[in-house]
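Have a look at this one before I ask anything.
The values are calculated or read from the model by the stated rules, or taken from the named source; none is laboratory data. Keep in mind that what you see is a predicted model, and the values were worked out from it rather than measured. Cβ coordinates were reconstructed from backbone atoms using ideal geometry, including for glycine residues, and neighbour counts include every protein chain displayed.
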């Protein structure tokens, strides 16, 4: 098995169809162009000493090219988060050397002259070598080979590198996509970041179904709306914060109808969707089918879906329990099993909160250097909390380990607490996520000051801002005389959260 | 009779058909296309000979085929005129459940 096989099939079935369009520049690649360029780049990768192919750049035609060329050459593709600082990126690169790094022109100098790192300009990767020979069609079919290494945002300390083998990604595609099922006119607008599992899944699903992908490298609601109209987009996927902005943007123009009847399907996922946002969106897009997808990096993307029928049934129902399903993430995909377990690892009754466990061919649950966290029966503990109702609808109830999910970005409370603890006036601190309509969750901090100190909320905010990315700055800070702990000295975040309200 | 390895790519000896093994039982399987044993896709041999008339339903690219017990599953990666069989029994086409598109 190899993800290249998916592109090979697309290339032989519809070579001249447009596969990808960069929405920002208008450049395109057909399936045959993508296939031929992937072969040429694979030959160069194979000739180098690189063990990994690292990409550090926004979405562009280079994104699918890098994924497939790596698969063809037989080394893992490693897309990095370009919003990280150079220092953070350097630490990740150290873990994947020897490697080839492809990045934008303005970033090349930051990574030049490092031992074991060959640096390429993104635009060269796409344009050069029209005359070069391609590799033979001899990519490795060993299903155990690693296709993609994805750094998770990491809840404690250094990010973990999730290993997705060819068998995980290919199983996911074969189980969820019918080959060549897309009409030539269908187009999918992809605005999720290329270093996110949803970005990888979007490439593979679209290629296998033959659906044209329009890439939106830097999301804004205005640009999203423009591209949907310009390319007569039929399918799109957004995170809840994006949908909220799209809805607001349409409402600002006074629209009661988005007037995008060609948009047949709009999927969302990656965080909790506020009920008012999805209800408004459904009325603005009356011709559009809505789906809510839930998945993780470690599960090769989607494991459960709340489909269009489920959405309509929930909205039409007068039963409160059925209406509630509008905020669920639906039911498990075929071939995927989901269980909720308590702290002792026992399966719980319906409608009881516990940790979500998942099993299936697409589930990796493996990290480089840390091994697998999948148990002997194949179950992967997601660390997400949730519950299942009687009919198998899954409800998410936050992270089992208190990670703050702000606008799709996972923030570690511990990391922010560590920074605040370095302030001379701080005696104790707890950072938690609080509900926020804009971001899903936002950061709040409770600080216990040392005696004799007087520091303002704004001072602490700028203290954090100087040391961390702005998303980590607590939007709300309270000062308490002490924090609640249990008998073993563990901070009771739940109590903090309740008291903060 | 060889054991089949998951991920292995095989081609027909009598038509253009090619498949990839998605899932295989642990024991030996006699996998045929057009009535003749399938061969390793990377081998230099090319198609020749005739398709057996009882094994001529053809295979379509992107379709998955399974045995009765569902212990064997293969994916057609190149279309051909021969039909697939395991240990003499014709394979059946497997349907992909239609799902809402989410990525």
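Output the number of residues of segment A:183-223 satisfying the condition of being under 18 Å from residue A:245 (Cβ atoms) and within 9 Å of another protein chain (Cβ to nearest Cβ).
Looking only at that region, the number is 3.
Any chance you could count how many residues in segment A:92-117 are exposed (fewer than 13 other Cβ atoms within 10 Å of the Cβ) and closer than 20 Å to residue A:194 by Cβ?
Applying the first criterion (exposed (fewer than 13 other Cβ atoms within 10 Å of the Cβ)) to segment A:92-117 yields A:94, A:105-106, A:109, A:112-113, A:115.
Those left that are additionally closer than 20 Å to residue A:194 by Cβ: A:105-106.
The total comes to 2.
OK, next. Kindly indicate the residue of segment B:35-54 that is assigned to a loop (DSSP other than H, G, I, E, B) and under 24 Å from residue A:174 (Cβ atoms) and also farthest from the other protein chains (Cβ to nearest Cβ) among those meeting that condition. Working first, answer last.
So the first thing to find is which residues in segment B:35-54 are assigned to a loop (DSSP other than H, G, I, E, B), and the list is B:35, B:38, B:41-52.
Among the residues that remain, those that are also under 24 Å from residue A:174 (Cβ atoms) are: B:38, B:41-42.
Values: B:38: 14, B:41: 9, B:42: 7 Å.
Only one residue tops the list, namely B:38.
From (1) in contact with a strand residue (DSSP E or B) (Cβ under 8 Å, 6 or more places away or on another chain); (2) assigned to a loop (DSSP other than H, G, I, E, B), pick out the condition that doesn't hold for residue A:218.
All conditions pass for residue A:218, except number (1).
Take residue A:26 and tell me if it is within 14 Å of another protein chain (Cβ to nearest Cβ), over 22 Å from the mean Cα position of the chain (by Cα) and farther than 23 Å from residue B:61 by Cβ. Explain how you work it out, then say what you get.
Values: within 14 Å of another protein chain (Cβ to nearest Cβ): no; over 22 Å from the mean Cα position of the chain (by Cα): yes; farther than 23 Å from residue B:61 by Cβ: yes.
No: the conditions fail for residue A:26.
Name the residue, out of A:56, A:67, that is touching a residue at least 12 places away in the same chain (Cβ under 8 Å), buried (at least 21 other Cβ atoms within 10 Å of the Cβ) and over 26 Å from residue B:5 (Cβ atoms). Break it down stepwise before answering.
Details: A:67 fails: over 26 Å from residue B:5 (Cβ atoms).
Among A:56, A:67, only A:56 is touching a residue at least 12 places away in the same chain (Cβ under 8 Å), buried (at least 21 other Cβ atoms within 10 Å of the Cβ) and over 26 Å from residue B:5 (Cβ atoms).
Any idea which of (1) surrounded by 21 or more Cβ atoms within 10 Å (Cβ to Cβ); (2) within 14 Å of chain B (Cβ to nearest Cβ) is the one residue A:250 doesn't satisfy?
Unmet condition: (2).
State whether one or more residues within segment A:182-194 are in a helix (DSSP H, G or I), modelled with pLDDT of 95 or more and out of contact with any helix residue (DSSP H, G or I) (no Cβ under 8 Å at 6 or more places or on another chain). Break it down stepwise before answering.
Step one: of segment A:182-194, the residues in a helix (DSSP H, G or I) are none.
Scanning segment A:182-194 turns up no residue that is in a helix (DSSP H, G or I), modelled with pLDDT of 95 or more and out of contact with any helix residue (DSSP H, G or I) (no Cβ under 8 Å at 6 or more places or on another chain).
Which condition number does residue A:317 fail, the rest of (1) at pLDDT 95 or above; (2) over 27 Å from residue A:438 (Cβ atoms); (3) more than 14 Å from chain B (Cβ to nearest Cβ) being met?
(1)
Give me a count of the residues in segment B:8-59 that are under 27 Å from residue B:95 (Cβ atoms) and surrounded by fewer than 19 Cβ atoms within 10 Å (Cβ to Cβ).
Adding up the residues that qualify gives 14.
Same structure again: Going through segment B:60-80 one residue at a time, which ones are under 17 Å from residue A:12 (Cα atoms) and crowded, with 16+ Cβ neighbours inside 10 Å? Give the derivation first.
The initial filter retains those residues of segment B:60-80 that are under 17 Å from residue A:12 (Cα atoms), namely B:60-63, B:75-80.
Result: B:61, B:62, B:63, B:75, B:76, B:77, B:78, B:79, B:80.
Could you list, in sequence order, all residues of segment A:78-89 that are surrounded by 15 or more Cβ atoms within 10 Å (Cβ to Cβ), more than 17 Å from residue A:297 (Cβ to Cβ) and free of Cβ contacts under 8 Å to residues at least 24 places away in the same chain?
Scanning segment A:78-89 gives a single hit, A:88.
Among the residues of segment A:413-423, is any out of contact with any helix residue (DSSP H, G or I) (no Cβ under 6 Å at 6 or more places or on another chain) and part of a strand (DSSP E or B)?
The answer is no; no qualifying residue exists.
Just checking, how many residues over segment B:1-18 are within 11 Å of another protein chain (Cβ to nearest Cβ) and in a strand (DSSP E or B)?
Result for segment B:1-18: 3.
Inspect all residues belonging to segment A:441-452 and state whether any of them is under 30 Å from residue A:244 (Cβ atoms) and loosely packed, with under 15 Cβ neighbours inside 10 Å.
no
Could you check, for segment A:41-53, whether at least one of its residues is crowded, with 23+ Cβ neighbours inside 10 Å, assigned to a helix (DSSP H, G or I) and modelled with pLDDT of 95 or more?
no
A further question on this structure: Would you check if residue B:71 is modelled with pLDDT of 90 or more and either at the interface with chain A (Cβ under 7 Å from one of its Cβ atoms) or not in a strand (DSSP E or B) (or both)?
Details: modelled with pLDDT of 90 or more: yes; either at the interface with chain A (Cβ under 7 Å from one of its Cβ atoms) or not in a strand (DSSP E or B) (or both): yes.
Yes; evaluated as a whole, the condition is true for this residue.
Go through A:310, A:289 for me and flag whichever is more than 26 Å from residue A:357 (Cα to Cα) and within 14 Å of chain B (Cβ to nearest Cβ).
Working: A:310 fails: more than 26 Å from residue A:357 (Cα to Cα).
A:289 is the lone residue from the list that is more than 26 Å from residue A:357 (Cα to Cα) and within 14 Å of chain B (Cβ to nearest Cβ).
Is there a residue being under 17 Å from residue A:382 (Cβ atoms) and within 14 Å of chain B (Cβ to nearest Cβ) anywhere in segment A:336-343?
Going residue by residue through segment A:336-343, those that are under 17 Å from residue A:382 (Cβ atoms) are A:336-343.
Still in the running and within 14 Å of chain B (Cβ to nearest Cβ): A:336.
Within segment A:336-343 (the criterion being under 17 Å from residue A:382 (Cβ atoms) and within 14 Å of chain B (Cβ to nearest Cβ)), the answer is yes, since at least one residue qualifies.
Report yes if residue A:304 is within 14 Å of chain B (Cβ to nearest Cβ) and in contact with a helix residue (DSSP H, G or I) (Cβ under 6 Å, 6 or more places away or on another chain), otherwise no. Give the derivation first.
Working: within 14 Å of chain B (Cβ to nearest Cβ): yes; in contact with a helix residue (DSSP H, G or I) (Cβ under 6 Å, 6 or more places away or on another chain): no.
In short, no.
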